[in-house]
1. Name the single residue that is least open to solvent (accessible area, probe 1.4 Å) among those in region 446-462 being of a type outside the set (A, V, I, L, M, F, W, C) and assigned to a loop (DSSP other than H, G, I, E, B).
2. Out of everything in region 142-185 that is among the charged types (D, E, K, R) and touching a Phe, Trp or Tyr at 6+ places or on another chain (Cβ under 8 Å), what residue ends up being nearest to Ser129 (Cα to Cα)?
3. Can you tell me which of Gly299, Gly336, Gly317 is in the same structural domain as Phe236 (by the TED database), open to solvent by less than 80 Å² (accessible area, probe 1.4 Å) and farther than 20 Å from Thr246 by Cβ?
4. Across region 366-380, what is the number of residues that are touching a strand residue (DSSP E or B) at 6+ places or on another chain (Cβ under 9 Å), outside any helix (DSSP H, G or I) and open to solvent by less than 10 Å² (accessible area, probe 1.4 Å)?
5. Restricting to region 381-435, name every residue that is open to solvent by 30 Å² or more (accessible area, probe 1.4 Å), among the hydrophobic types (A, V, I, L, M, F, W, C) and farther than 30 Å from Arg474 by Cα.
6. Criterion first (open to solvent by 20 Å² or more (accessible area, probe 1.4 Å) and at pLDDT 85 or above) does Ser282 satisfy it?
7. Picking from Arg354, Arg371, which residue would you name as being more than 30 Å from the chain's Cα centre (by Cα), of a type in the set (Lys, Arg) and assigned by the TED database to the domain that holds Ile297?
8. Quick check on my filter: what residues within region 285-296 are over 18 Å from Asp544 (Cα atoms) and either open to solvent by 40 Å² or more (accessible area, probe 1.4 Å) or of a type in the set (Asp, Glu) (or both)?
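The values are calculated or read from the model by the stated rules, or taken from the named source; none is laboratory data. It should be emphasised that the depicted structure is a prediction, and the values quoted were computed from it without experimental measurement. Note: ideal-geometry Cβ built from the backbone for every residue, glycine included; neighbour counts use all protein chains shown. When the accessible area is computed, the model is the full protein with side chains, heavy atoms only, and any ligands, DNA or RNA have been set aside. Shrake-Rupley method; radii C 1.70, N 1.55, O 1.52, S 1.80 Å.
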Amino acid sequence: AAYLRCQAAPRPRACHGWKVSMKSGSLSYILPCNRLPVQLMSQVRVYTSNGQKKDLGSEDTNGSARGETLHKAETGQDTTNAGQKQSSPKQPIQVKVKAVLKKREYGPKYTQNNFITGVRAINEFCLKSSDLDQLRKIKRRSPHDDTESFTVYLRSDVEAKSLEVWGSPEALARERKRRKEAEIKYRENLFRNQRLLWEYKEFFGNTKPRSSTAAMFFKGPGKVVMVAICINGLNFFFKLLAWVYTGSASMFSEAIHSLADTCNQALLALGISQSARTPDPSHPYGFTNMRYIASLISGVGIFMMGAGLSWYHGIMGLLHPHPVESLLWAYCILAGSLVSEGATLLVAINEIRRSARAKGLSFYQYVVQSRDPSTNVVLLEDAAAVLSVAVAATCMGLTSLTGNPYYDSVGSLGVGTLLGTVSAFLIYTNTEALLGRSIEPEQLQRLTELLESDPVVRAIHDVKATDMGMSKVRFKAEVDFDGRVVTRSYLEKQDIEQLLQEIQQVKTLEELEAFMLKHGENIVDTLGAEVDRLEKDLKQRNPDVRHVDLEIL
């Protein structure tokens, strides 16, 4: 703050009647007093924000004195009797003036203080790595978990270097266009290049070690799916032979059921292999949802191929019944199918129990929440297969005992209804998973309490925790940070005596601004470090949390 210091000198002035006029802005006043003491400002000094002094002229000071006199006249102060003179004592007047920094206009686009990485500098400004060696290097906190700091460059320095290298903005734009065209051409030839690589691999032989994608099918859900594909493929072949031999509608439904299971589980295997792909710029969160997509398509396939054809064949059997041949071979094949499907079902049950125990969930919760869609599909398909074998065997037995073919057609309709129920459940659970449902309230409460118990956090708002699939959680919250705790955390890492000396050396507004900008930027970096610490704690204490977005409120 600056002080306006003035010194008034008495100057008596006679006034008769209404002859004294005062002006304030655009208004004019006439005072009805005879003699009023008018104080004139002898000198006014204004201290600006840059420490300079400015002297104001007498015209402005006279206006100030008149305004002061007008105020006193209106309030009835300093009135005197006619013919008497009064002298005002000399008193200094102090007016407190607030000194503020001049607002800096940055314009609609300001990039002078922006940092960019070396990769962006090379790609966007068409530079070489040797060109960056001559630029200023700045160490900043790394946004990645595997590194603490990384090197960045000032965007203004990179732009100046690119103009130095290419000569003009037009030449730089032409180079960018040329590189863009080359990238498009490369993408167009990518399929041909991949085909050539495949041909060379076939010619020279593949000596690479087994990939991690192939290893996925020897354990966990991949193993369950591969076992189910082999068993259901064999079941389809033998059931198809039994239907050709007997002409049974129930056996036809069973053959179609096994074919649908084989195709759907092949689709699940494709989903598992695709989900193992590493994230890329087009899919930064990876491809884990491919398992849910494959399971959803599998559910639709079961409904269309399994349930639809079974209903169709059962209805046609009711409308056009025909006698059924010997069912001995059909019973044998159904018995073998029951054993094989039961074995696959046990493999799926054991896998789900193991996974549910690791997650701390019950068997029912693990299945309903669709934590592992591939294993869920195998479990439900094999459970439906075992039940449908029992239904088909019962209806075929009734047909053999009574000679009525309608029982066989009713069995086909029963199998179709069972498959339709399973497909509806798969479609519902996988759709919910793909839409991004919230995690369990108990788990969300634990995450919230972990944040609120930290001293740097005052409150959290708009908390959202979404299950991204395959036990991967994305957590987002608006966090109200305690600025005093953040500042204290910064001060604990500083030399207080040296900081006090810096404060004592501040004499001008320019020095104060430089001091505040220096430590203000460091405090903001400290706040960023606190955010990184909280995100790391959330991930360490909750392994399911893979992505954390803490937004400063």
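1. Checked region 446-462; the qualifying residue least open to solvent (accessible area, probe 1.4 Å) is Asp454.
2. Among residues in region 142-185 that are among the charged types (D, E, K, R) and touching a Phe, Trp or Tyr at 6+ places or on another chain (Cβ under 8 Å), the one nearest to Ser129 (Cα to Cα) is Lys161.
3. Just one listed residue meets the conditions, Gly299.
4. Count: 1.
5. Ala383, Val386, Leu387, Ala390, Val391, Ala393, Leu398, Leu401, Val410, Leu413, Leu418
6. The answer is no for Ser282.
7. Among Arg354, Arg371, only Arg354 is more than 30 Å from the chain's Cα centre (by Cα), of a type in the set (Lys, Arg) and assigned by the TED database to the domain that holds Ile297.
8. Within region 285-296, Met290, Ile293, Leu296 qualify.
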